[in-house]
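**Student:** I'd like to ask you about the structure that follows.
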Amino acid sequence: MPDTAFMSIIEHAPRAPLAGTKLQLNRTYGSPEDYAKAIEELRAAFPAEDVSTDPAVLEVHGRLQNYTKSFPHSVVVVPRSTEDVVRIVNISREYRMPIVAYGGATSVEGHFFGTDAKGICVDMAAMNKVLEIHEADSDLVCQPGAKWTDINAMLKEKGIPLFFPLDPGIGASIGGMISTGCSGTNAVKYGTAKGEWFLNATVVLPSGEVIKTRRRSRKCSAGFDTLRLFLGAEGTLGLVTEATLRLAPLLPTRVAVVQFPSVAHAVRASTAALNLGVNLQCIELLDALSMRALNAYNTGGTRAWPERDSLFIKIQGATPVFIDESARILRDVAERHGGTGFEFARTEAEAEELWSARKNAMHAGYAMFPGAQAFGTDVWLESSPTLKMLAHRLLSVPVSRLPELVTTIQKDVAAAGLNAPMIGHVGDGNLHAIVIYRDEEEEKAARSLVASMVKHALDLDGTCTGEHGVGLGKKKFLVEELGESTVELMKHIKQSVDPLNLFNPGKLYPD
Ligand SMILES: Cc1cc2nc3c(=O)[nH]c(=O)nc-3n(C[C@H](O)[C@H](O)[C@H](O)COP(=O)(O)OP(=O)(O)OC[C@H]3O[C@@H](n4cnc5c(N)ncnc54)[C@H](O)[C@@H]3O)c2cc1C
């Protein structure tokens with residue numbers, strides 16, 4: 001029998017349901033005079049070269065590389081230390097000026113764009129140092145502007161046989177990777193930023209306080225994990241100024257390629273191989289249309305790819321014997337699931353040649369439709385419908401539902417009379433669908449196609465954003481995906497950490 005006193009407490013406890021709260025985050029900021037004073041104070045606090053209102057600098061900091069449309073901020077500041085960041089945050093608070101961190105600028109949902117309120121763009125480029133390397137502990141401490149590619153190149157150069165396995169866009173920085181909860185092709189083996197690859201982070205809060213989420217020990221059960229608050233928070237809760245990264249052993253890899261009668265066959269083969277414990281680092285799906293694009297793109301090359309649904313696989317192993325054995329098991333599993341044409345790179349040069357096809361797949365997709373547009377995030381389309389896009393829908397579903405998602409999307413694409421090459425991090429159930437359109441009418445069809453893709457992914461217990469975060473582009477799907485109470489909980493946390501809504505306002509939380 002339940003304790004009656006306890007039941008009485010529960011029954012009479014005040015309830016404050018989150019659903020229906022509709023918390024409004026602040027949208028009132030300083031006046032133009034306040035902003036001018038803030039910029040004056042920034043100029044007084046920092047060397048001249050670290051504070052810029054030059055329109056060319058503002059323009060670059062408000063747009064993605066290779067795109068024309070910019071969403072500029074009022075001023076760009078380049079801090080060099082945590083103390084500098086605290087100074088900027090205190091000025092931002094005093095003059096009610098929004099503050100947006102800028103890392104590698106590879107995020108694709110308008111995460112770092114200026115909004116109507118404009119404000120201070122904090123460019124972390126000068127905070128790019130690796131501060132400590134602990135080889136014996138397989139970790140390192142670095143500043144937020146350090147890029148994952150530079151970190152791995154530096155470890156290689158020093159002959160340290162370790163690497164940081166999260167691999168989003170080339171040029172992504174550690175601060176941006178934490179803030180978008182990133183992943184990449186290695187996720188099937190190493191998981192995502194939301195795993196334990198970041199042991200701790202030093203963060204400047206909107207109050208100007210500096211916190212370190214925990215110490216460097218591999219394990220820690222001291223309370224809940226405050227680092228997780230900042231993983232995927234998109235710079236809305238704090239500015240990361242230092243982090244400890246866990247490293248993995250750098251193992252030799254080889255590449256294999258195999259074709260299947262359908263995406264379903266390919267997915268089943270990859271799941272079977274993973275469940276057998278075959279040591280795979282990446283399993284990437286290119287659908288038949290992407291393979292056709294590869295042939296069209298490689299017109300100067302000698303290789304003619306079979307235009308069938310294909311898996312590109314990186315096999316990992318401590319020694320060649322391990323890799324050969326894994327390749328043998330993989331080939332066997334693939335053939336049991338209808339795989340044909342299994343090709344295994346015997347040398348590094350062959351591996352590089354095969355994997356470069358996977359790397360070129362996206363560009364091949366665009367090259368196949370010269371002059372066409374590819375569907376980007378909604379934010380760019382709504383801002384500038386004439387832009388040529390390089391981004392795409394990135395959906396994710398439980399792995400076993402991926403074939404259903406692909407089949408449904410393929411049917412919808414055919415019914416809409418459009419083309420949409422698909423590339424997937426198939427071991428994670430993660431799919432890039434690149435919807436190509438040529439004119440206004442096709443754009444309309446593409447828009448409704450993309451909306452239906454998101455719906456299909458949600459219906460299959462998936463997500464509208466497997467790895468690119470929310471930013472401006474995906475806000476409108478958040479309540480449907482997560483539920484009103486979960487979104488309100490996020491907003492309540494935001495409100496308590498940043499009551500003035502100064503940190504990256506307008507992003508992530510639905511309006
Ligand atoms: C070609 C290409 C391929 C990609 N592939 C992948 C992929 O496979 N997987 C994947 O996950 N993503 C991928 N991305 C997306 C992108 O690389 C990731 O989202 C990446 O994590 C962004 O890091 P960044 O340094 O570029 O962040 P930015 O774009 O600079 O910023 C992203 C967000 O983080 C915030 N931020 C930046 N630094 C800090 C900081 N120090 N403190 C607090 N907030 C901060 C910004 O304000 C912004 O909200 C790809 C992008 C491109 C262009």
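**Student:** What's the number of the condition S310 fails, among (1) surrounded by fewer than 20 Cβ atoms within 10 Å (Cβ to Cβ); (2) among the hydroxyl-bearing types (S, T, Y); (3) within 24 Å of K411 (Cα to Cα)?
**Tutor:** With respect to (1) surrounded by fewer than 20 Cβ atoms within 10 Å (Cβ to Cβ); (2) among the hydroxyl-bearing types (S, T, Y); (3) within 24 Å of K411 (Cα to Cα), S310 is out only on (1).
**Student:** Identify the residue in the range 80-95 that is over 17 Å from L58 (Cβ atoms) and buried (at least 24 other Cβ atoms within 10 Å of the Cβ) and, among all such residues, is nearest to the ligand (Cβ to nearest atom).
**Tutor:** V85
**Student:** Hey, could you check the range 112-129 for residues that are part of a loop (DSSP other than H, G, I, E, B) and among the hydrophobic types (A, V, I, L, M, F, W, C) and say which is nearest to the ligand (Cβ to nearest atom)?
**Tutor:** Among those that are part of a loop (DSSP other than H, G, I, E, B) and among the hydrophobic types (A, V, I, L, M, F, W, C), it is F112.
**Student:** Return only the number of the condition from (1) within 14 Å of the ligand (Cβ to nearest atom); (2) loosely packed, with under 15 Cβ neighbours inside 10 Å that A193 does not satisfy.
**Tutor:** (2)
**Student:** Pick from L229, L237, L245: which is within 16 Å of the ligand (Cβ to nearest atom) and open to solvent by 50 Å² or more (accessible area, probe 1.4 Å)? Lay out the reasoning, then the answer.
**Tutor:** Numbers: L237 fails: open to solvent by 50 Å² or more (accessible area, probe 1.4 Å); L245 fails: open to solvent by 50 Å² or more (accessible area, probe 1.4 Å).
It is L229.
**Student:** Is it the case that some residue within the range 461-476 is of a type outside the set (G, A, S), farther than 27 Å from D287 by Cβ, without any contact (Cβ under 8 Å) to a residue 12 or more places away in the chain and in the same structural domain as H73 (by TED's automatic domain parsing)?
**Tutor:** There is no residue in the range 461-476 that is of a type outside the set (G, A, S), farther than 27 Å from D287 by Cβ, without any contact (Cβ under 8 Å) to a residue 12 or more places away in the chain and in the same structural domain as H73 (by TED's automatic domain parsing).
**Student:** Quick one: is R87 in a helix (DSSP H, G or I) and touching a residue at least 60 places away in the same chain (Cβ under 8 Å)?
**Tutor:** Spelling it out, it is not the case that R87 is in a helix (DSSP H, G or I) and touching a residue at least 60 places away in the same chain (Cβ under 8 Å).
**Student:** Checking G277 against (1) away from the ligand (no atom under 16 Å from the Cβ); (2) open to solvent by less than 30 Å² (accessible area, probe 1.4 Å); (3) of a type outside the set (D, E): exactly one of these is not met. Which one?
**Tutor:** That leaves (2) as the condition not met.
**Student:** Turning to a different aspect of this structure: Would it be correct to say that G30 is modelled with pLDDT of 95 or more, assigned by TED's automatic domain parsing to the domain that holds Q143, in a loop (DSSP other than H, G, I, E, B) and in contact with a strand residue (DSSP E or B) (Cβ under 6 Å, 6 or more places away or on another chain)?
**Tutor:** Criteria not met by G30.
**Student:** Go through the residues of the range 201-214 one by one and say whether even a single one is over 27 Å from M362 (Cα atoms), free of Cβ contacts under 8 Å to residues at least 60 places away in the same chain, within 17 Å of the chain's Cα centre (by Cα) and open to solvent by 20 Å² or more (accessible area, probe 1.4 Å).
**Tutor:** Checked against the condition, which is being over 27 Å from M362 (Cα atoms), free of Cβ contacts under 8 Å to residues at least 60 places away in the same chain, within 17 Å of the chain's Cα centre (by Cα) and open to solvent by 20 Å² or more (accessible area, probe 1.4 Å), the range 201-214 yields no hits at all.
**Student:** Which condition number does R63 fail, the rest of (1) part of a helix (DSSP H, G or I); (2) crowded, with 19+ Cβ neighbours inside 10 Å being met?
**Tutor:** Going through (1) part of a helix (DSSP H, G or I); (2) crowded, with 19+ Cβ neighbours inside 10 Å one by one, R63 breaks only (1).
**Student:** C220 is checked against (1) touching a Gly at 6+ places or on another chain (Cβ under 7 Å); (2) part of a loop (DSSP other than H, G, I, E, B) and fails just one. What number does that condition carry?
**Tutor:** Result: C220 fails condition (1) only.
**Student:** May I ask you to verify whether I99 is crowded, with 24+ Cβ neighbours inside 10 Å and among the aliphatic types (A, V, I, L, M)?
**Tutor:** Considered against the rule, which asks whether it is crowded, with 24+ Cβ neighbours inside 10 Å and among the aliphatic types (A, V, I, L, M), I99 comes out as yes.
**Student:** Shifting gears a bit: Residues being open to solvent by 20 Å² or more (accessible area, probe 1.4 Å), assigned to a helix (DSSP H, G or I) and either within 16 Å of the ligand (Cβ to nearest atom) or hydrophobic (A, V, I, L, M, F, W, C) (or both): count how many of those fall in the range 130-178.
**Tutor:** Going through the range 130-178 one residue at a time, the tally reaches 8.
**Student:** Going by the conditions given, is P72 farther than 18 Å from T28 by Cβ, open to solvent by less than 10 Å² (accessible area, probe 1.4 Å) and in a loop (DSSP other than H, G, I, E, B)?
**Tutor:** no
**Student:** Then there's this: So the check is Cβ under 6 Å with 6+ separation or different chains; which pairs have a first residue in the range 165-194 that's of a type outside the set (S, T, N, Q) and a second one that's assigned to a helix (DSSP H, G or I) and at pLDDT below 95?
**Tutor:** As it stands, the answer is A187/D428; V188/G427; V188/D428, since those pairs meet every condition given.
**Student:** Separate question: Would you check which residues across the range 244-267 are over 20 Å from A187 (Cα atoms), aliphatic (A, V, I, L, M) and modelled with pLDDT of 95 or more and list them?
**Tutor:** V258
Results for (1) surrounded by fewer than 19 Cβ atoms within 10 Å (Cβ to Cβ); (2) over 18 Å from G469 (Cβ atoms); (3) not assigned by TED's automatic domain parsing to the domain that holds E40, shown as yes or no for each residue.
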| position | (1), (2), (3) |
| --- | --- |
| T68 | yes, yes, no |
| A105 | no, no, no |
| V108 | no, no, no |
| F113 | no, no, no |
| G119 | no, yes, no |
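**Student:** Restricting to the range 430-476, and then to whatever is part of a loop (DSSP other than H, G, I, E, B) and among the basic types (K, R), can you tell me which residue is surrounded by the most Cβ atoms within 10 Å (Cβ to Cβ)? Write out each step before concluding.
**Tutor:** Within the range 430-476, the subset part of a loop (DSSP other than H, G, I, E, B) is 434-435, 438-439, 460-462, 464-474.
Among the residues that remain, those that are also among the basic types (K, R) are: 438, 474.
On the way: R438: 14, K474: 24.
Of everything passing the filter in the range 430-476, K474 is surrounded by the most Cβ atoms within 10 Å (Cβ to Cβ).
**Student:** Further question on the same structure: Restricting attention to the range 96-110, which residues are more than 6 Å from the ligand (Cβ to nearest atom) and modelled with pLDDT under 95?
**Tutor:** Residues satisfying the conditions are E109, G110.
**Student:** Let me ask something additional. Determine if the range 181-190 includes at least one residue that is touching a strand residue (DSSP E or B) at 6+ places or on another chain (Cβ under 6 Å), near the ligand (Cβ under 7 Å from one of its atoms) and closer than 30 Å to F71 by Cβ.
**Tutor:** Yes, the range 181-190 has at least one match.
**Student:** Which of the residues that make up the range 15-51 are without any contact (Cβ under 8 Å) to a residue 12 or more places away in the chain, open to solvent by 50 Å² or more (accessible area, probe 1.4 Å) and not charged (D, E, K, R)?
**Tutor:** Those that are without any contact (Cβ under 8 Å) to a residue 12 or more places away in the chain, open to solvent by 50 Å² or more (accessible area, probe 1.4 Å) and not charged (D, E, K, R): A16, Q24, P32, A36, A44, P47, A48.
The values are calculated or read from the model by the stated rules, or taken from the named source; none is laboratory data. All values reported here derive from a predicted model rather than from experimental measurement. Reconstructed Cβ throughout: ideal geometry from the backbone, glycine too, with neighbour counts over all protein chains shown. Note: accessible area is taken over every heavy atom of the protein model, side chains too, but ligands, DNA and RNA are not part of it. Shrake-Rupley method; radii C 1.70, N 1.55, O 1.52, S 1.80 Å.
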